[in-house]
Amino acid sequence: MLGAISGHNIVIRLASPLRDLRAAKVIVGMAAALVFGNALANGFAYDDVHIVVDNTGIQSLATLPTAVFKTAYWPEDAGERVGL
């Protein structure tokens, strides 16, 4: 039984595989992998090349804090040219 109402209290009884929290985590993880797994084969699109591939500030842990907190989102003057 998935659910039952007794008096004023609602009692929810889960099916046996979902009673275990670990089983629920595995089921959710498998569902997410199934839904989003096809995106792993996709390459970069649109502005990803400039923001990720060509951005030397995010390619090492030493320069990452500066790239995240102190520099512009768009590398060089690319953002200024398009009004960002």
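Rule-based calculations on the coordinates, nothing more; no lab input. Every value quoted in this text rests on a predicted model; they were computed, and no experiment measured them. Every residue, glycine as well, gets a Cβ built from its backbone with ideal geometry; the counts of neighbours run over all protein chains shown.
Before moving on, here are some points about what is shown:
- In this simple spin-label model, placing a label point 7 Å from the Cα along the Cα-to-Cβ direction at both Ala62 and Ile27 gives a separation of 4.9 nm.
- From least to most packed, judged by other beta carbons within 10 angstrom and beginning with the fewest, Thr63, Thr56 follow the order Thr56, Thr63.
- Ranked for footprinting exposure by Cβ neighbours inside 10 Å, fewest first, Tyr46, Tyr73 give Tyr46, Tyr73.
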